[in-house]
Amino acid sequence: MSTYKLVFGKACYSPVELEHKALWALRQLNLDIEKAGTSRVTELHELDEFRYQAFESTRLYKGRMKMMHDKNIIERNFKPGYMVLLYNSRLRLFPSKLKSRWPGPFRVVETHPTGVVKSTSEDGSRKFKFNGQRLKPY
């Protein structure tokens, strides 16, 4: 009996013995290390190909969805001097069936390429900035 077993009550295994047993089990399961290595590389390549196909499918789906959504966007070009109405989306705070959702008119002063429209009230006393998608011609 070893002194380790006398002190701790269980058998002691050195790292060399464990490594030998692990290598033996690996050889038993895989039979051939070269063949196992090539099959693992093949599986990794198949996984990469599957991942590429998933990315490609996602890209095509996103492209189709963008086309569908962009089809609903109406191109609105307002030039300085045009009269416009603003869509009020916050009408829920003041419920009224007869209240108009389109306050205005406002006079367009300036338009930006990003879609921002600067305008003034009818009398020209107040200046506002609006999203061009919320406006319609008066």
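The values are calculated or read from the model by the stated rules, or taken from the named source; none is laboratory data. Just so it is clear, the structure is predicted and the values come from calculations on it, not from any experiment. All Cβ positions, even for glycine, are placed from backbone atoms using ideal geometry, and neighbour counts span all protein chains on display. Surface accessibility is based on the protein's heavy atoms, side chains included, excluding ligands, DNA and RNA. Shrake-Rupley method; radii C 1.70, N 1.55, O 1.52, S 1.80 Å.
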- Failed item, numbered, when GLY37 is tested on (1) out of contact with any strand residue (DSSP E or B) (no Cβ under 6 Å at 6 or more places or on another chain); (2) surrounded by 11 or more Cβ atoms within 10 Å (Cβ to Cβ); (3) not in a helix (DSSP H, G or I): (3)
- Task: Report yes if some residue within region 60-76 is touching a Leu at 6+ places or on another chain (Cβ under 8 Å), at pLDDT 70 or above and not polar (S, T, N, Q); otherwise report no.
- Result: yes
- Item | Tabulated pairs, region 110-127, first touching a residue at least 24 places away in the same chain (Cβ under 8 Å) and closer than 15 Å to GLY81 by Cβ, second open to solvent by 40 Å² or more (accessible area, probe 1.4 Å) and among the polar types (S, T, N, Q), C-beta under 9 angstrom, 6+ apart or interchain | THR111/ASN77; VAL117/THR111; VAL117/ASN131
- Matching residues, region 10-34, being modelled with pLDDT of 70 or more and either open to solvent by 100 Å² or more (accessible area, probe 1.4 Å) or under 35 Å from the mean Cα position of the chain (by Cα) (or both): LYS10, GLU34
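Is it the case that some residue within region 89-104 is part of a strand (DSSP E or B), in contact with a Phe, Trp or Tyr (Cβ under 8 Å, 6 or more places away or on another chain) and either touching a residue at least 40 places away in the same chain (Cβ under 8 Å) or of a type in the set (A, V, I, L, M, F, W, C) (or both)? Steps first, please.
Residues of region 89-104 part of a strand (DSSP E or B): none.
Checked against the condition, which is being part of a strand (DSSP E or B), in contact with a Phe, Trp or Tyr (Cβ under 8 Å, 6 or more places away or on another chain) and either touching a residue at least 40 places away in the same chain (Cβ under 8 Å) or of a type in the set (A, V, I, L, M, F, W, C) (or both), region 89-104 yields no hits at all.
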